[in-house]
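Q: Take a look at the following structure, please.
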Amino acid sequence: MNTTDRKTLAEQTVAGLKEIYPDAICSLTYSDPIQLLIAVRLSAQCTDARVNLVTPVLFEKYPTLEALCEASPEDIGEIIKPCGLFNTKARDIKNVALMIRDEHGGRVPDSMEQLLRLPGVGRKTANLILGDIYGKPAIVADTHCIRISGRIGLTDGTKDPNKVEKQLRECVEPSEGNDLCHRFVLFGRETCTARSPKCQSCPLNTFCLNNQQKQQ
């Protein structure tokens, strides 16, 4: 499929998902940029629902950046244990807090380059911060985005997050990318699930490449 066709397909996908999910919102609960950054780190290999149960406890005990800077990784780890990989995540949270305080004046960075320097922050996390906090063009290539964009035909089916991000940036309007990825999450949970997707009742089945291949 050429770039022009993918752009048309992207427009159809954006329009279709906007109709179903007019409010494109992040499924993680947060009240400031640092809380979002930490919540996304906790979400690695963990459900957003579980993260949303843990973060209120964490932020109640450590309500400020300075409080996080003074916390020990062991104490943070005890709170976030239900999220898995808690030793690594606790160490990253502590070090992220210190870097933001000491190198960024207490403000979460607003550039990809600076965000990627933070411990435990990859492109997925950085894109979410850039899109949700700073309103910049972003593609959050999480598992839902990778799976759904490949099925629809917006990408060549690659599972590589960096390649998915690159291919989606080539066909999705920059102003729509961040919201589209939030809608992918909602759509991926309800309809285009990893196993047994509901293709017959899917509102995108008239142009989805995966559905067309099933019909042949």
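Q: Taking the options LYS89, LYS81, name whichever one is basic (Lys, Arg), crowded, with 19+ Cβ neighbours inside 10 Å and closer than 21 Å to ASN52 by Cβ.
A: Just a single option satisfies the conditions, and that option is LYS89.
Q: Okay, next question. Go through the range 158-183 and count every residue that is touching a residue at least 24 places away in the same chain (Cβ under 8 Å), surrounded by fewer than 22 Cβ atoms within 10 Å (Cβ to Cβ) and part of a loop (DSSP other than H, G, I, E, B).
A: 4
Here is a yes/no grid of residues against (1) closer than 30 Å to CYS208 by Cβ; (2) out of contact with any helix residue (DSSP H, G or I) (no Cβ under 8 Å at 6 or more places or on another chain):
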| residue | (1), (2) |
| --- | --- |
| ASN2 | yes, yes |
| VAL54 | no, no |
| TYR62 | no, no |
| ILE76 | no, no |
| ILE79 | no, no |
| THR88 | no, yes |
| LEU98 | no, no |
| ARG101 | no, no |
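Q: Might you let me know whether the range 112-130 holds any residue that is within 30 Å of ILE146 (Cα to Cα), in a helix (DSSP H, G or I) and among the small types (Gly, Ala, Ser)? Walk me through it before giving the result.
A: Residues of the range 112-130 within 30 Å of ILE146 (Cα to Cα): 112-130.
In the following step, the residues that additionally are in a helix (DSSP H, G or I) were identified as 112-116, 123-130.
Retained after the next criterion (residues that are among the small types (Gly, Ala, Ser)): 126.
Yes - at least one qualifying residue is present in the range 112-130.
Q: Restricting to the range 1-20, what's the tally of residues that are touching an Asp or Glu at 6+ places or on another chain (Cβ under 9 Å) and not hydrophobic (A, V, I, L, M, F, W, C)?
A: 5
Q: Testing SER31 on (1) surrounded by 14 or more Cβ atoms within 10 Å (Cβ to Cβ); (2) under 21 Å from LEU115 (Cβ atoms), one condition comes back false. Which one is that?
A: (1)
Q: For LYS166, which of the numbered conditions (1) within 23 Å of PRO22 (Cβ to Cβ); (2) within 17 Å of the chain's Cα centre (by Cα); (3) not assigned by TED's automatic domain parsing to the domain that holds LEU42 fails to hold?
A: All conditions pass for LYS166, except number (1).
Q: Still on this structure, I have one more. From the list ASP92, ASP75, which one is without any contact (Cβ under 8 Å) to a residue 24 or more places away in the chain and not polar (S, T, N, Q)?
A: Within the list ASP92, ASP75, the selection yields ASP75.
Q: Given (1) touching a helix residue (DSSP H, G or I) at 6+ places or on another chain (Cβ under 8 Å); (2) within 19 Å of ILE20 (Cα to Cα), identify the lone condition not met by THR193.
A: The failed condition is (1).
The values are calculated or read from the model by the stated rules, or taken from the named source; none is laboratory data. None of the values given here were measured: they were computed from a predicted structure. Because the Cβ atoms are built from the backbone with ideal geometry, glycine has one as well, and the counts that use them run over all protein chains shown.
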